[in-house]
Amino acid sequence: MSNTLLDLDAPSLLDPEDWADFRAQAHAALDTALEFIEQRQQGAVWQELPSSVTALDQPLPRKGAPLDSLVSDVQKKIMPYTLGNTHPRFWGWVHGSGTPSGLVAQMMMAAINANMGGREHAPIYVERQVIRWLVELFALPEGASGVICTGTSTATLLGLSVARHKKVGQVLRSAGNAAMPGLRAYASGQVHVSVSKALELMGLGTEALCAVPVASNYSMDVNALEAQLQADIAEGLEPFVVVSCVGSVNSGAIDDLQAINRLCRKYGVWHHVDGAFGALSILSESLRPRIAGIEEADSIAFDFHKWMHVGYAAGCLLVADGEQHRATFATSQAYLKAESQGERVGMSGGAPWPTDFGVELSRGFSALAVWFQLREMGTERLGRAIYRNCLQASKLAEAVTEQPELQLLAPVSLNIVCFRYAPQFLSEEALNDLNRRIVIELQCRGIAAPSSTVLDGRTVIRVAITNHRTRWSDLQALLNETLALGAELQADAGLTSSVLSANF
Ligand SMILES: *Cc1c(COP(=O)(O)O)cnc(C)c1O
């Protein structure tokens with residue numbers, strides 16, 4: 001296209017020509033979105049994807065299309081085939097369920113389109129306010145800092161980087177890991193894979209992670225931790241961080257934070273908490289005592305998008321020593337310099353900037369979604385929703401133990417229940433196979449969405465309740481359907497107890 005065809009003084013090429021028409025279409029889109037949130041709670045939690053969704057054969061759009069045709073496509077081709085985490089029977093992995101007002105928050109974020117790297121504008125003060133609220137919530141010391149990021153995986157990478165900087169010192173920033181060979185991290189064998197991923201990205205490799213054994217409740221064996229620290233120090237290795245689990249991914253186990261605090265202080269090691277979902281149990285007065293000691297950790301990584309139901313993606317790193325946090329990431333390039341002249345701040349004022357506390361420069365305004373959720377719901381209501389999930393989990397565990405065909409495979413620390421369908425006389429291998437199939441059938445028939453995991457070699461049906469829409473009747477339905485499916489699949493495969501016991 002020749003430039004002479006482009007009117008250089010015409011209005012924007014990308015804004016609507018007819019605002020009134022656009023506004024009408026946008027209002028209709030909002031209604032479609034609200035209807036989705038309301039309607040998606042009924043019917044199947046998930047369905048297998050048709051080829052019309054998975055084919056990926058749409059041509060690259062060279063010409064545009066009207067907004068309402070795109071919204072209609074979303075409504076027909078995407079909305080019916082979501083994972084179902086906004087549905088009351090979704091308990092897979094750890095997902096948040098969102099809230100209708102989250103839609104309004106995301107809309108405001110899109111309108112403002114703030115770049116949250118730094119500089120002097122109101123959105124930055126919203127993020128600072130949110131961080132200040134969280135520092136207060138977790139009772140961290142004066143001078144604590146924080147940064148909002150996309151999730152706990154990123155927050156953990158940032159947190160471990162601060163821990164390493166503290167251990168090695170400023171020379172780390174020029175010399176890298178060569179400045180201190182033998183750096184070593186510690187976590188229970190139940191820790192989330194994001195920790196070893198972080199160590200890989202930091203150039204330390206997965207072998208830098210020592211897997212500490214767990215006790216029978218799947219929390220870290222702190223005596224084993226101390227023995228390992230002593231042995232490694234004697235060998236000349238450099239322990240720099242212990243990562244504790246506040247809500248382990250498999251079973252929701254909570255490590256002994258106070259004991260780990262003591263060991264970390266004794267051996268001069270950073271204590272980082274992976275509290276992806278569990279840390280926010282601090283919002284409930286009833287649960288708060290279970291994570292006592294979190295206020296003395298050096299850093300805490302957690303998600304807003306899981307148990308606080310903020311729209312994806314929003315997580316957070318909090319660091320007790322804000323100066324250490326800043327020293328790990330701050331730079332002083334002229335083109336990014338925070339400046340002011342006397343009384344006049346100017347747009348590039350307002351230091352320190354969020355970019356001084358992490359790796360991203362341009363970032364989105366998730367802080368607004370968190371600010372919305374905290375202000376609309378209040379900490380008490382959010383805490384009640386979290387506590388209700390934990391009570392539901394305890395009741396589910398109780399119901400499991402009352403069923404002779406079911407077996408509870410881990411104690412319930414918070415909101416995760418691990419159990420299996422375990423009729424007598426089946427081999428461990430057959431039980432693993434049967435329970436994997438039960439989970440897949442529950443999902444494919446749209447009945448409910450638990451996930452599966454493995455604990456001590458046993459495949460378990462894992463129900464992680466981070467869902468404010470779940471009712472007890474949903475969990476009862478899960479139990480009934482699990483029993484029915486177990487019997488059905490067992491009969492299908494000819495795995496009746498009599499056949500098997502005859503073979504034994
Ligand atoms: C989800 C989760 C993570 C990873 O968090 P993301 O927000 O998905 O990056 C880490 N640890 C635990 C315990 C988790 O549940």
Per residue and in Å³, how big is the convex hull formed by the alpha-carbon atoms of the stretch 33-173? 233
Work out the charge dipole of the stretch 310-373 with +1 on the Cβ of Lys and Arg and -1 on the Cβ of Asp and Glu about the Cα centre, then indicate which of Phe365, Ser332, Pro352 is farthest towards its positive end. Phe365
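Suppose R0 equals 60 Å; then what is the FRET efficiency for Leu14 and Ala178 from their Cβ-Cβ distance, rounded to the nearest 0.05?
0.80
Taking every pair of alpha-carbon atoms in the stretch 5-74, give the share separated by more than 21 Å as a whole percent.
Roughly 52 percent, rounded to a whole number.
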How large is Rg over Rh for the stretch 1-44, taking Rg from the Cα atoms and Rh as the Kirkwood inverse mean of 1/r across Cα pairs? 1.34
Ratio of the Cα radius of gyration of the stretch 185-257 to 2.2 N^0.38 Å, where N counts its residues: 1.07
Normalised Cα Rg of the stretch 257-416, dividing by 2.2 N^0.38 Å with N its residue count, works out at 1.36
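Among the DSSP beta bridges whose two residues both lie in the chain, what percent are antiparallel, rounded to the nearest 5? Provide the component values of the computation, followed by the final result.
On the way: 25 of 43 bridges.
In the chain, approximately 60 percent of DSSP beta bridges are antiparallel ones.
Can you check how the C-alpha radius of gyration of the stretch 398-439 compares to 2.2 N^0.38 Å, as a plain ratio?
Working: Rg = 10.8 Å, N = 42, 2.2 N^0.38 = 9.1 Å.
The reported ratio for this selection is 1.19.
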Per DSSP helix of 4 or more residues, -39500 (n - 2.57); summed, then divided by the residues of the chain. What does that give at 222 nm, rounded to the nearest 500? -13000 deg cm²/dmol
What number, in nm² with one decimal, is the all-direction average of the projected area of the convex hull of the alpha-carbon atoms of the stretch 204-305? 7.0
With a Cα-only, solvent-free Debye model of the chain, what are the log10 I(q)/I(0) values at q = 0.09, 0.10, 0.12 Å⁻¹? -0.75, -0.90, -1.19
So what's the Cα pair-distance distribution over the stretch 63-125, bin width 10 Å, in %? 16, 28, 33, 22, 1
DSSP loop (so not H, G, I, E, B), at most 15 other Cβ within 10 Å: list which GluC sites (Glu not before Pro) in the stretch 381-443 pass both filters. Glu405
Karplus-derived HN-Hα couplings along the stretch 437-443 (A = 6.51, B = -1.76, C = 1.60, θ = phi - 60°), whole Hz, x at Gly and Pro: 5, 4, 4, 5, 5, 4, 6
Quantify how much of the Cα-Cα distance distribution of the stretch 261-324 extends past 21 Å, in percent. 28
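Expected output is a single nm value to one decimal: the length gained when fully extending between Gln75 and Leu60, i.e. 0.36 nm times separation in residues minus the C-alpha distance. What is it? Mind showing how you got there, number by number?
Working: separation 15, 0.36 × 15 = 5.40 nm, distance 2.05 nm.
Going from the current span to full extension adds 3.4 nm.
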On full extension of the chain, what length is gained from Ala24 through Glu142, given 0.36 nm per residue of separation minus the C-alpha to C-alpha distance? 37.6 nm
What are the semi-axes of the equivalent ellipsoid of the stretch 394-504, taken as the square roots of 5 times the eigenvalues of the Cα gyration tensor, listed largest first and rounded to whole Å? 24, 15, 12
Long-range amide H partners of Trp270 with built H, under 5 Å: Val241, Val242
Spherically averaged projected area in nm², based on the convex hull that wraps the Cα atoms of the stretch 140-269: 8.3
Cα-only Debye scattering, the stretch 245-289: base-10 log of I(q)/I(0) at q = 0.19, 0.31 Å⁻¹: -0.63, -1.08
In whole Hz, what ³J(HN,Hα) sequence does the stretch 297-307 give by Karplus (6.51, -1.76, 1.60; θ = phi - 60°), x for Gly and Pro? 6, 7, 8, 10, 10, 7, 10, 7, 7, 8, 7
Simple label model, 7 Å out from Cα along Cβ direction - Ala491 to Glu398, nm: 3.2
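Just so you know, all these numbers are worked out from the coordinates, no wet-lab data involved. Quantities reported herein were computed from a predicted structural model and do not represent experimental measurements. Cβ: placed from backbone, ideal geometry, glycine included. Neighbour counts: every protein chain shown.
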